[in-house]
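The values are calculated or read from the model by the stated rules, or taken from the named source; none is laboratory data. From a predicted model like this one, the values you see are computed outputs, not experimental measurements. No Cβ is skipped: glycine too gets one built from the backbone with ideal geometry, and neighbour counts run over all protein chains shown. For the accessible areas, the whole protein counts, side chains as well, though only heavy atoms, and no ligand, DNA or RNA atoms are used. Shrake-Rupley method; radii C 1.70, N 1.55, O 1.52, S 1.80 Å.
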Amino acid sequence: MKNKLIVFALVVSSFGSPVLAGTTEQDKAFVDKYKAAFEAGDKAALESFLYTKDANPMALEFYKMMQSDGAGGKITKIELVALTPEDVKKASEVQTGPDGSKAKLPLTPTKKLKITIEKKDANGSSTSSSENFGKYVIPVPATAK
């Protein structure tokens, strides 16, 4: 009986991991939805991607501002990429906020959203890049306890 339970646990965990990790189709759907909201300048939709439970108020305002920065612009590249070991370490650390408070991500991210934006105006063009930990939501740091 004990061996059957061990085999069952191994089978469930081997099938469960890809489900929890998401599929290529889910990744693409998220990226497409984010890109559409950004390029449309839809600030409410962009804010809906933020995971705000127990968010530090100052961090939340900063994340909202960063979400809408450049909204309506053209995204030239957007992708969900695997976290490096350094990313995993950084995402799990307690950070010190500008007000001196300690904050930590409330969720363990599984990927990083990387975005490259091209801006053009009468003065020329520029390119900027940003990265956010997360996957299908972008966790806003919560006050560490």
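Summary table below
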quantity: Cα-projected label distance for SER48 with LEU107, points at 7 Å along beta-carbon direction, nm; calculated: 1.5
quantity: 37 °C / 0.692 mPa s Stokes-Einstein diffusion coefficient of the chain, Kirkwood radius on C-alpha pairs, µm²/s; calculated: 192
quantity: With 5 Å bins from 0: P(r) over the range 74-145, alpha-carbon pairs, percent; calculated: 3, 16, 20, 18, 15, 13, 9, 6, 1, 0
quantity: DSSP beta bridge pairing in the chain, given as percent antiparallel to the nearest 5; calculated: 90
quantity: Three-way shape call for the range 33-99 based on the alpha-carbon gyration tensor, with the a/c threshold at 1.5; calculated: oblate
quantity: Reachable aspartates and glutamates, given that their alpha-carbon falls under 19 Å from the alpha-carbon of LYS135 and they are not under 8 places away in the same chain; calculated: GLU25, ASP27, ASP32, GLU47, ASP54, GLU79, GLU86, ASP87, GLU93
quantity: Per residue accessible area in Å² of the chain, where ligands, DNA and RNA are left out and the probe is 1.4 Å; calculated: 66
quantity: Carbon/sulfur fraction of accessible area - the chain, other protein chains in place, 1.4 Å, %; calculated: 59
quantity: Dipole-positive endmost among THR24, THR127, ILE78 within the chain (Cβ charges, Cα centre); calculated: THR24
